[in-house]
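Chemist: One structure follows; several queries about it will come next.
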Amino acid sequence: MKIIFDRNIPFVSKPLSSIGEAIPMTGTEITNETVKDADAIIIRTRTRCDATLLKDSKCRFIGTATIGTDHIDLPYCASRGITVANAPGCNAPAVAQWVLSAISTYLGDTRSLSDITLGVIGAGNVGSVLIRWAEGLGIKTIVNDPPLQRQSSGSYRFSSLSDIADKCDVITVHTPLTRTGDHPTYHLIDNSFISNLKRRPLILNAARGPVTDTLALINGLESGKISALGIDCWEGEPNINLQLLEQALIATPHIAGYSRQGKIRASQMVLDELSHHLRLDIPLSADAPSVAPVPHRIIPDMLNYDILEDTRILKSSPSLFESLRNNYHLREEPSL
Ligand SMILES: NC(=O)c1ccc[n+]([C@@H]2O[C@H](COP(=O)([O-])OP(=O)(O)OC[C@H]3O[C@@H](n4cnc5c(N)ncnc54)[C@H](O)[C@@H]3O)[C@@H](O)[C@H]2O)c1
Ligand SMILES: O=C(O)[C@H](O)[C@H](O)COP(=O)(O)O
């Protein structure tokens, strides 16, 4: 059994070595040539899994230690009988921590959290933790999620995007990146949405860069329709738009989900899925300490994340985008 894994995924090396030849590689070393004779690969968002990578490979399992799967050509994998597993929700609390820290930083001492209305677009794993924590902190929330609404889930009172544009002081996106289907999210936040904003909101993107249109964000800031931006996910990463970087209040190198707990959960989830795929009697266990349950509610003191320090570092060294991610100190999530 040969398994190739991204060397930046913590806590998997030992367990994988216990079941076969486990080879660590950087995301860019994982190529068609190197995966040809691999049975399984364990990757991050930095390895694009499509025909170019997988053609003529014997790989039948892809585990991505991430929430997002937009770097994987799912139809192609299905057509080749390749099982794909991700880590749903693994780092949702870390992203919620990033959003609430961004909002606190934006408000400073001038307004309190209970003064604002937060628009959450996408109420899945990340959005739902964020909504619960935000409401516990006294923030009013307005939720938009047409696919969830269509399933007539009773969890939220759903609103339209135009309601969000009308009523929100902060707007944050937590959708997958999709280009097809009934509700595509590519450039969901575009010139037309921004032209309808009524309250000069802070706009946050810790989902995927192309969910917001970079030029529309810059125009919105310059025209005064938007009062500030917080960007963790960028179009064209790692070659990000330097004007957007300069103008954003919060600017981080796609590390909103980078908590110690999130990484442990992600590693354990992909190992569980690999165990299932291989029908191992004893599931693989991540070589990591256990993680406390996610708190139902948090208090402001539990946010304790200096998002401006991460912003300062990226603004001073944008060309190090990828290396800042690879060497990021893993944050502690809010915990009781
Ligand atoms: N910045 C980071 O480090 C980081 C970390 C984790 C996840 N993410 C990204 O955050 C996003 C959300 O992750 P998640 O785990 O909550 O995903 P999820 O699949 O659990 O939830 C996404 C929600 O978005 C909704 N949605 C889909 N299309 C929509 C549309 N057009 N308008 C409104 N809502 C729509 C879905 O119905 C779903 O409820 C993903 O893009 C993921 O890749 C980023
Ligand atoms: O999809 C996710 O889970 C996040 O975007 C994740 O934090 C990206 O992590 P990476 O690919 O850098 O490990």
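Chemist: Please go through (1) more than 20 Å from the chain's Cα centre (by Cα); (2) basic (K, R); (3) surrounded by 15 or more Cβ atoms within 10 Å (Cβ to Cβ) for R265 and return the number of the only condition it doesn't satisfy.
Modeler: It is condition (1) that R265 fails.
Chemist: Considering each residue of the stretch 38-55, count those that are in contact with a helix residue (DSSP H, G or I) (Cβ under 8 Å, 6 or more places away or on another chain), among the charged types (D, E, K, R) and either within 16 Å of ligand 1 (Cβ to nearest atom) or in contact (Cβ under 8 Å) with a residue 24 or more places away in the chain (or both), and give that number.
Modeler: Qualifying residue count for the region: 3.
Chemist: For the stretch 292-311, enumerate the residues that are open to solvent by less than 50 Å² (accessible area, probe 1.4 Å) and modelled with pLDDT under 95. Step through it out loud before you land on a result.
Modeler: So the first thing to find is which residues in the stretch 292-311 are open to solvent by less than 50 Å² (accessible area, probe 1.4 Å), and the list is 295, 298, 302-303, 305, 307, 310-311.
The answer is M302, L303, Y305.
Chemist: Now a separate question. Quick check, is C49 buried (at least 23 other Cβ atoms within 10 Å of the Cβ), more than 16 Å from the chain's Cα centre (by Cα) and away from ligand 2 (no atom under 11 Å from the Cβ)?
Modeler: Numbers: buried (at least 23 other Cβ atoms within 10 Å of the Cβ): yes; more than 16 Å from the chain's Cα centre (by Cα): yes; away from ligand 2 (no atom under 11 Å from the Cβ): yes.
So C49 fits the description; yes.
Chemist: Do any strands (runs of 3 or more DSSP E) lying entirely in the stretch 122-219 carry at least 3 residues that are in contact with a Phe, Trp or Tyr (Cβ under 9 Å, 6 or more places away or on another chain) and open to solvent by less than 20 Å² (accessible area, probe 1.4 Å), and which ones are they?
Modeler: 202-205
Chemist: Considering the stretch 258-291 alone, what residues qualify as being in contact with a strand residue (DSSP E or B) (Cβ under 7 Å, 6 or more places away or on another chain) and under 18 Å from G68 (Cβ atoms)?
Modeler: Selection gives Y258, S259, V270, E273.
Chemist: Do we find that T212 is within 16 Å of ligand 2 (Cβ to nearest atom), touching a Ser or Thr at 6+ places or on another chain (Cβ under 8 Å), of a type in the set (S, T, N, Q) and at negative phi in this structure?
Modeler: No: the conditions fail for T212.
Chemist: Moving on to the next point. Right, E222: at pLDDT 95 or above, more than 16 Å from L100 (Cβ to Cβ), away from ligand 1 (no atom under 14 Å from the Cβ) and part of a helix (DSSP H, G or I) or not? Give the steps one after another, and end with the answer.
Modeler: On the way: at pLDDT 95 or above: yes; more than 16 Å from L100 (Cβ to Cβ): yes; away from ligand 1 (no atom under 14 Å from the Cβ): yes; part of a helix (DSSP H, G or I): yes.
Answer is yes for this residue.
Chemist: For L314, work out the one condition from (1) within 16 Å of ligand 1 (Cβ to nearest atom); (2) open to solvent by 80 Å² or more (accessible area, probe 1.4 Å) it doesn't fulfil.
Modeler: (2)
Chemist: Separate question: Restricted to the stretch 166-193, and to residues that are of a type outside the set (D, E, K, R) and more than 16 Å from ligand 1 (Cβ to nearest atom), which residue is farthest from Q97 (Cα to Cα)?
Modeler: Only one residue tops the list, namely N191.
Chemist: Might you let me know whether the stretch 88-95 holds any residue that is open to solvent by less than 10 Å² (accessible area, probe 1.4 Å), touching a strand residue (DSSP E or B) at 6+ places or on another chain (Cβ under 8 Å) and closer than 19 Å to P334 by Cα?
Modeler: yes
Chemist: Residues being surrounded by fewer than 22 Cβ atoms within 10 Å (Cβ to Cβ), away from ligand 1 (no atom under 16 Å from the Cβ) and touching a residue at least 12 places away in the same chain (Cβ under 8 Å): count how many of those fall in the stretch 4-37.
Modeler: 20
Chemist: Of the conditions (1) within 16 Å of ligand 2 (Cβ to nearest atom); (2) in contact (Cβ under 8 Å) with a residue 40 or more places away in the chain; (3) open to solvent by less than 30 Å² (accessible area, probe 1.4 Å), T69 fails just one. Which one is it?
Modeler: T69 satisfies all of (1) within 16 Å of ligand 2 (Cβ to nearest atom); (2) in contact (Cβ under 8 Å) with a residue 40 or more places away in the chain; (3) open to solvent by less than 30 Å² (accessible area, probe 1.4 Å) except (3).
The values are calculated or read from the model by the stated rules, or taken from the named source; none is laboratory data. Being a predicted model, the structure only gives us computed values, none of them experimental. With ideal geometry, Cβ positions are generated from the backbone for all residues, glycine too; neighbour counts draw on all protein chains shown. Heads up: the accessible areas ignore ligands, DNA and RNA and are worked out on the full protein's heavy atoms, side chains in. Shrake-Rupley method; radii C 1.70, N 1.55, O 1.52, S 1.80 Å.
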